[in-house]
Amino acid sequence: KLLCMRHPEEFKEDILWYWCALQSLTQEQLQGAKAGGWPGTTEETQRKLQLLHHEGIAAPSRAAEILSRDLAPASDPLIIDELMNIWFLNCFEYSKTASTIYFFSSFMSHSCYPNAVWYYRGADHIVRARRQIRPGEEVCISYLSEDDLLQHVPVRLQRLQNTKRFWCTCERCSAAEDPSRGFVCPQCDTGQMYAHVVGTEAAHPEGCRVLSSEFSA
């Protein structure tokens, strides 16, 4: 935390991600540190972390070089950036101040129409089906909150890009219409009506196709 305060122009990410990366270094990589004192993780745990999705890093950031110099002199700054990227892209939010990685769950793909949902039961991370899953169908969870899943396509796309750095192409995001955002027409009980989303261009008609009526709030 002190290093982040001393070099605010270099430490541009949330302090949590730097802390997670440092906690994922091995005892050997932490040898000779000027400060710190945490035990470090095992080589096996770090190897498993590196199997998870992360972006390629050509050169270390200045922040990683500072962390390596002061807190992990036996480590390559690139490994610090790599571990931080792994945590950023694969972790689950345990609370407002803590995040965690569950090895198998972190391999699951995202869908805005997920067939599984995850939750915590004490220290356990539980994944269960939220609808019927066909044999051979990929089990997908949502990287977005339940509230965000109700958002319009452009909003969901941007939030996933900001938090997980990818553009979603799931069936809801690529479809011409998003049925989960439609209302049953109160006049015919057959057609669907869609409310206009302020600040976006609707990807579907806003009126009932059956009656050709417009939506009114």
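With ALA64, ALA33, ALA21, ALA74 as the choices, which residue is outside the structural domain of ARG159 (by TED's automatic domain parsing) and surrounded by fewer than 16 Cβ atoms within 10 Å (Cβ to Cβ)?
Matching residue, one of ALA64, ALA33, ALA21, ALA74: ALA74.
So which of TRP87, TRP118 is surrounded by 15 or more Cβ atoms within 10 Å (Cβ to Cβ) and assigned to a helix (DSSP H, G or I)?
Of the residues listed, the single one that is surrounded by 15 or more Cβ atoms within 10 Å (Cβ to Cβ) and assigned to a helix (DSSP H, G or I) is TRP87.
Checking the structure you have, find out if any residue of region 65-77 is over 15 Å from TYR18 (Cβ atoms) and in contact with a Pro (Cβ under 9 Å, 6 or more places away or on another chain).
So far as region 65-77 goes, yes, one or more of its residues are over 15 Å from TYR18 (Cβ atoms) and in contact with a Pro (Cβ under 9 Å, 6 or more places away or on another chain).
Check every one of the helices (runs of 4 or more DSSP H) wholly within region 1-65 and list those with 1 or more residues that are among the charged types (D, E, K, R) and out of contact with any helix residue (DSSP H, G or I) (no Cβ under 7 Å at 6 or more places or on another chain).
Per the criteria, 2-6, 43-51.
Residue pairs, Cβ under 8 Å, 6 or more apart or interchain, first in region 164-177 and within 12 Å of TYR113 (Cα to Cα), second of a type in the set (Val, Ile, Thr). List them.
That search, which allows pairs on different chains as well, returns ARG172/VAL153; CYS173/VAL153.
Any residue in region 164-185 that is hydrophobic (A, V, I, L, M, F, W, C), touching a Gly at 6+ places or on another chain (Cβ under 9 Å), assigned to a loop (DSSP other than H, G, I, E, B) and at pLDDT 75 or above?
Within region 164-185, one or more residues are hydrophobic (A, V, I, L, M, F, W, C), touching a Gly at 6+ places or on another chain (Cβ under 9 Å), assigned to a loop (DSSP other than H, G, I, E, B) and at pLDDT 75 or above.
The values are calculated or read from the model by the stated rules, or taken from the named source; none is laboratory data. This one's a predicted model, so the numbers in the text were calculated from it and none came from an experiment. For neighbour counting, all protein chains shown are included, and Cβ atoms are generated from backbone atoms with ideal geometry for every residue, glycine included.
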